[in-house]
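Engineer: Please read through the structure below; I'll follow up with questions.
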Amino acid sequence: MGAWKNPILLISGIGISYLGNWIYLIALNISILNLTGSAAAVAGLFIIRPIAILITNTWSGSVIDRVNKRKLMIFIDIVRGLLVLLIPFIENLWIIYMILLLINMVGAFFGPSSSIYITKLVPTENRKRFNSIMSMTSSGAFLLGPAIAGILIIYVGTELCIIINAITFIICAFFIYLLPNVDENIESVRDPIRWRILLEDWKVVRKFAMNSKFFILVYLLFQGAMLIGFALDSQEVTFIKQHLQLSDRDYGLIVSITGIGALAGAFMSALIAKKISLKIYIGAGMFLTSIGYVFFYSSSSFVTATVAFVFLGFFMAFANAGYATFFQNNVPVTIMGRFGSIADMLQGIIQIGFTLILGFFAEWFSLQFVCITFSLGGSLLAFVLFTTILMPSKASFFSEKDKVVNG
């Protein structure tokens with residue numbers, strides 16, 4: 001159990017932050033709607049994060065790979081907490097948007113930083129279980145957060161919900177402060193990140209990609225199938241309400257039950273982490289997730305749609321835990337920040353493209369036909385991924401024993 005003391009501390013800190021984020025997200029939407037009375041103003045909240053990623057991710061990885069990750073994560077959470085704390089006291093929409101942009105720009109550093117920190121903190125043989133538990137924590141926050149937010153909003157209003165999120169960031173920073181330093185030899189960045197340094201860093205990432213063709217192939221197949229799924233998510237409300245003729249209450253119930261499926265999947269993936277290979281987590285998990293989308297958009301009732309979504313959520317937990325472990329085991333920690341940041345930016349652009357294309361075709365053809373076609377395309381990519389990673393000659397890429405990946 002001693003080997004899990006620090007990982008559990010990290011999971012606890014990030015888990016509290018996840019819970020606060022869900023409480024805050026619900027409260028923020030309602031707060032903006034109450035402030036402006038405009039659905040467009042609420043919709044504007046959802047384009048702030050992609051804008052922040054486009055602004056920061058071309059250079060954030062260069063900073064992340066050169067600084068102490070533990071100190072950076074503490075700094076990020078304290079800054080986010082203080083910025084969130086300002087929101088309840090501001091009544092100008094554009095100033096709120098600007099603060100949210102800053103919060104998301106600072107937050108763009110946290111994901112890649114935490115991935116590197118996890119890679120250094122958690123031994124290779126424990127990473128799959130750790131990522132499964134982290135997924136379970138995220139699913140639990142997804143279930144509890146909106147419910148807690150609903151109760152708090154009824155009795156104390158949205159302002160306290162937003163302040164709670166600020167407090168959870170500070171708590172997360174404190175938990176990380178209690179963790180060991182894994183970057184003893186990294187000094188703070190003294191020189192600004194200039195254009196020349198960015199070009200050199202991009203060349204380093206490009207060299208890694210060229211020398212790791214199998215990793216990149218698995219990465220592209222997995223992300224291709226996953227991003228098609230994310231694009232399909234944009235049509236789930238329309239499909240449920242217009243095609244299945246279900247109510248808002250039915251939609252909320254489906255989403256809640258899906259969260260239970262994801263939580264169950266994450267629990268199961270953590271429970272059997274030592275018994276099932278990483279290949280199965282990634283390959284079977286992604287393929288069955290994609291099949292879940294096919295089932296969902298082929299559904300004709302509340303029951304079939306709910307079963308399909310639970311099926312999808314259950315196996316997505318395996319896919320996500322497997323992919324996170326595969327990424328941590330095969331990307332050198334010395335360039336993980338740069339690779340992750342650039343990859344996140346490209347994924348965001350591709351996701352926007354897939355979503356726009358799907359929406360365009362849905363205007364020309366039946367929504368169900370277009371969504372089934374896209375989900376079949378995702379399933380095909382996932383099937384190719386599954387057959388690719390089963391090749392015996394590539395077994396070393398899925399080893400869960402310690403190996404050197406420091407570049």
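Engineer: Can you name the residue in the stretch 295-309 that is hydrophobic (A, V, I, L, M, F, W, C) and surrounded by 20 or more Cβ atoms within 10 Å (Cβ to Cβ) and is also nearest to Gln235 (Cα to Cα) among such residues?
Structural biologist: Phe296
Engineer: Being surrounded by 15 or more Cβ atoms within 10 Å (Cβ to Cβ) and among the hydrophobic types (A, V, I, L, M, F, W, C) is the filter here, so list the residues in the stretch 198-212 that pass it.
Structural biologist: Those that are surrounded by 15 or more Cβ atoms within 10 Å (Cβ to Cβ) and among the hydrophobic types (A, V, I, L, M, F, W, C): Leu198, Trp202, Val204, Val205, Phe208, Ala209.
Engineer: Follow-up. Does the stretch 381-390 contain at least one residue that is of a type outside the set (Val, Ile, Thr), in contact (Cβ under 8 Å) with a residue 40 or more places away in the chain and not in a helix (DSSP H, G or I)?
Structural biologist: Within the stretch 381-390, one or more residues are of a type outside the set (Val, Ile, Thr), in contact (Cβ under 8 Å) with a residue 40 or more places away in the chain and not in a helix (DSSP H, G or I).
Engineer: Can you confirm whether Gly44 is of a type in the set (Gly, Ala, Ser) and at pLDDT 75 or above?
Structural biologist: Taking the combined requirement at face value, the residue does not satisfy it.
Engineer: So, one more: Give me the helices (runs of 4 or more DSSP H) completely within the stretch 51-124, filtered to those with at least 1 residues that are free of Cβ contacts under 8 Å to residues at least 24 places away in the same chain and either crowded, with 23+ Cβ neighbours inside 10 Å or aliphatic (A, V, I, L, M) (or both), ordered by residue number.
Structural biologist: Helices (runs of 4 or more DSSP H) meeting the threshold: 69-86, 93-107.
Engineer: Let me ask you something else. Is it the case that some residue within the stretch 33-45 is surrounded by fewer than 17 Cβ atoms within 10 Å (Cβ to Cβ), polar (S, T, N, Q), over 30 Å from Pro7 (Cβ atoms) and touching a residue at least 12 places away in the same chain (Cβ under 8 Å)?
Structural biologist: Within the stretch 33-45, one or more residues are surrounded by fewer than 17 Cβ atoms within 10 Å (Cβ to Cβ), polar (S, T, N, Q), over 30 Å from Pro7 (Cβ atoms) and touching a residue at least 12 places away in the same chain (Cβ under 8 Å).
Yes or no, residue by residue, for (1) under 30 Å from Lys69 (Cβ atoms); (2) modelled with pLDDT of 85 or more; (3) surrounded by fewer than 18 Cβ atoms within 10 Å (Cβ to Cβ):
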position	(1), (2), (3)
Ser247	no, no, yes
Ser256	no, no, yes
Ile260	no, no, yes
Ile282	yes, yes, no
Gly313	no, yes, no
Met345	yes, no, no
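The values are calculated or read from the model by the stated rules, or taken from the named source; none is laboratory data. All of these numbers come straight from a predicted model, not from anything done at the bench. Counting neighbours? That spans all protein chains shown, and the Cβs are built from the backbone with ideal geometry, glycine included.
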